Amino acid sequence: MAEKSNKRVQLTLDAARKEVGRGGWRRHAGRKKKPDSISHRTRPQFAAHYPQHVTVRVVEGGPSLARDWLMKFIRKAIADSHKPSFRIIEFNVLSNHCHLVIEAADAKALSTGMQGFEVRVAKRLNAVLGRRGQLFAHRYHARTLTTPRDVRNTLRYVLLNRKHHAAERKFSKYWID
């Protein structure tokens, strides 16, 4: 009869590793993703001469931004957001999101410029609407426009988007662009 060995053997790192998911060694460990959440991966780098198409969404249950009397506050926030390394070229405000065409010197300028824009709009609109808290949801979505055709199509999309939606629903005849 063979004798059982009580001698411990140290495992190599590869042999000791188990499945690693989002939160540790156990399968499905860690915090679950929220529905409709946006990835927090690092944004891709882009050259300064490429404009960006940025979309920012309003929080669920937030106020409608597509009101004529709110536009003066939004326009002022856009004007105050301009810096030498960041500026908003075109924009369109819909009820639950905004489309922006932006020029930024680099990813850092885009990030800080968008943060400043969102804070300015949120503070001003929260003050006039008599509300508190977050106005914009999660992160903004940015897409680099690398070709002239892409820029043209995006400008057309941004500038005519509200008109397109006005044909589907009944907006006022004095729609904002």
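Taken together, the values in this text are just the output of simple stated rules run on the coordinates, not laboratory data. The model shown is predicted, which means the values in this text are computed figures rather than measured ones. Here Cβ is always computed from backbone atoms with ideal geometry, including for glycine, and neighbour counts include all displayed protein chains.
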task = Calculate one ³J(HN,Hα) per residue across the range 91-102 by plugging θ = phi - 60° into the Karplus curve 6.51 cos²θ - 1.76 cosθ + 1.60, and present them in order as whole Hz with x for glycine and proline.
result = 8, 8, 10, 10, 4, 10, 7, 10, 9, 10, 10, 10
Cross-link pairs beyond the 32 Å C-alpha cut-off, checked among 76/163; 33/72; 7/33; 34/123; 33/163; 33/123 = 33/72; 7/33; 33/163
ask   = How long are the three semi-axes of the equivalent ellipsoid for the range 82-145, computed from the Cα gyration tensor as the root of 5 times each eigenvalue, in whole Å, largest first?
value = 22, 13, 11
key: Separation of the residue 160 and residue 13 label points, Cα + 7 Å toward Cβ, nm   = 5.7
key: Charge tally in the Cβ shell below 14 Å around residue 151, where Lys, Arg are +1 and Asp, Glu are -1, residue 151 excluded   = +1
request  = Quickly rank 49-61, 143-155 as a protection proxy: mean count of other C-beta atoms within 10 Å, highest first.
outcome  = 49-61, 143-155
